[in-house]
Amino acid sequence: MSEQRKTPGRIRGTGTRRRKPTRRHRAKVATAWTVAGVVVLGGAGFGYAYVTLDGNLSSVDIDAQLGTDRPDDVDDGSQDILVLGSDSRSGDNGKYGADEGAARSDTAMVMHVDKGHKSASVVSIPRDTLIERPACASDTTDETVPAEQRAMFNTAYEVGGPACAVKTVESMSGIRMDHYIEVDFTGFEKLIDELGGVEITTKSAISDAKSHLDLEPGPHTLDGEQSLGLVRTRKSVGDGSDLGRIQLQQAFVKALMEQAKSVGVFSSPTKLLGLADAATKALTTDLGLGSVKKLTGFANGLKGLGADNVHMVTLPVEYDPADPNRVLPQEEAGRQVWAALKNDRPIPASATEKSAGDKGDAGKVVQ
């Protein structure tokens, strides 16, 4: 298995663009693997397929790229994972939009698993959040991309790849990321199809031309393409913002968790192998998860988690007075969120109650 992923073309520090070489393309729906890994890779029975499945994985040595200038590595049994995806539109992902020659992280979630591995907190970071991006090594040249004030969060991945995304999250939170996971559009679709679809109930109609989704109120079993459409929907739910889309994604992930635990994959070796094959083909990880053996060990530690003990929030933000299409972190509330994760405690409800957005209305569309 290759220890380094193939490097895509990105917007460089000079602002010029470069076309992508052939690569494993990433997607915005990275949240799906966090759930799938719990069920798909959490059991035994496919050791004979390790070599094949190892060949599916891509990995990147984030520790070597970031060095020692990072938050302390707290060894208390808890884990912090950056789950990321990008909006690449190349190759098989081209049907979801035009390829603009660069990839950006369109979904980012920090998942904190408590030291007993009995509960988890997930913090979504809106892609349009204006932050202070640290200086990062370029992902395409030997140059260093300088730090930038009021940079959109998703530009960290664009200019410096996974390592810069991790460095930016660590700078924001003061928390060292133990692992990194990235998933792509096509892999997400195939994973849902292998699972047999996801059952949801919509309380109101969803019609979104951009995500190619048209659902009447009522129960549905969504296939992979429909599921992808749902997690990309924004204009037809809530206030039409990215904040509303995040809430819809969170509601879908909980439905996916329930579905994954109910299909009985461990009683069917064929089903298990098909899911494992789809999951590993969809992934890029840090080297700490860069083999099926390591990934299985990680997933085994999470398989006790269910939808009821995973608490999902969005980083508290407010609309930017200078640009209503951008948001700014709420500093005090954000400190409360990160402090809760750092101290292995639940996120207090007071930390997010004054955040911008539609106060959960988008998430209530799906149950």
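Does at least one position in segment 266-275 carry a residue that is modelled with pLDDT under 85, buried (at least 20 other Cβ atoms within 10 Å of the Cβ) and within 26 Å of I125 (Cβ to Cβ)?
Restricting attention to segment 266-275, the residues satisfying the condition of being modelled with pLDDT under 85 are 266-275.
Applying the additional criterion that residues be buried (at least 20 other Cβ atoms within 10 Å of the Cβ) yields 272, 275.
Remaining after also requiring within 26 Å of I125 (Cβ to Cβ): none.
Within segment 266-275 (the criterion being modelled with pLDDT under 85, buried (at least 20 other Cβ atoms within 10 Å of the Cβ) and within 26 Å of I125 (Cβ to Cβ)), the answer is no, since none of the residues qualifies.
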Legend entry - D308 vs. criteria closer than 24 Å to G116 by Cα, at pLDDT 95 or above and acidic (D, E): no
Inset, instruction - Search segment 280-299 for residues that are closer than 21 Å to Q65 by Cβ and in a helix (DSSP H, G or I) and pair each with any residue that is open to solvent by 20 Å² or more (accessible area, probe 1.4 Å) and modelled with pLDDT under 85 when their beta-carbon atoms are under 7 Å apart and the residues are at least 6 apart or on different chains. - result: L287/E3
Legend entry - Given (1) charged (D, E, K, R); (2) farther than 25 Å from R335 by Cα; (3) open to solvent by 30 Å² or more (accessible area, probe 1.4 Å); (4) not in a strand (DSSP E or B), number of the condition E189 does not satisfy: (3)
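Within segment 132-154, is there a residue that is part of a loop (DSSP other than H, G, I, E, B) and within 22 Å of S78 (Cα to Cα)? Can you show your working first?
Our first condition is that a residue be part of a loop (DSSP other than H, G, I, E, B); within segment 132-154, this holds for 134-135, 138-143, 146-147, 153-154.
Of the ones still in play, those that are also within 22 Å of S78 (Cα to Cα) are none.
The answer is no; no qualifying residue exists.
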Inset, instruction - Determine which member of the set S262, S241 is open to solvent by less than 50 Å² (accessible area, probe 1.4 Å) and modelled with pLDDT under 75. - result: S241
Inset, instruction - Check off (1) assigned to a loop (DSSP other than H, G, I, E, B); (2) in contact (Cβ under 8 Å) with a residue 40 or more places away in the chain for S211 and give me the number that stays unchecked. - result: (2)
Legend entry - Subset of segment 290-305 [small (G, A, S), modelled with pLDDT under 85 and either open to solvent by less than 40 Å² (accessible area, probe 1.4 Å) or touching a strand residue (DSSP E or B) at 6+ places or on another chain (Cβ under 9 Å) (or both)]: A299, G301
Legend entry - Conditions (1) closer than 23 Å to L315 by Cα; (2) modelled with pLDDT of 85 or more; number of the one not met by K254: (2)
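Please indicate, with yes or no, whether at least one residue in segment 316-335 is of a type in the set (G, A, S), farther than 24 Å from K254 by Cα and free of Cβ contacts under 8 Å to residues at least 12 places away in the same chain. Spell out how you get there, then give the answer.
Here is the first cut: in segment 316-335, the ones of a type in the set (G, A, S) are 322, 333-334.
Now restrict to residues that are farther than 24 Å from K254 by Cα: 322, 333.
Still in the running and free of Cβ contacts under 8 Å to residues at least 12 places away in the same chain: 322.
Within segment 316-335 (the criterion being of a type in the set (G, A, S), farther than 24 Å from K254 by Cα and free of Cβ contacts under 8 Å to residues at least 12 places away in the same chain), the answer is yes, since at least one residue qualifies.
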Inset, instruction - Can you work out which of the residues in segment 135-178 that are of a type in the set (G, A, S) and open to solvent by 10 Å² or more (accessible area, probe 1.4 Å) is farthest from V83 (Cα to Cα)? - result: A147
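The values are calculated or read from the model by the stated rules, or taken from the named source; none is laboratory data. For clarity, every value in this text was computed on a predicted model and none was experimentally measured. No Cβ is skipped: glycine too gets one built from the backbone with ideal geometry, and neighbour counts run over all protein chains shown. Note: areas computed on protein heavy atoms with side chains; ligands, DNA, RNA excluded. Shrake-Rupley method; radii C 1.70, N 1.55, O 1.52, S 1.80 Å.
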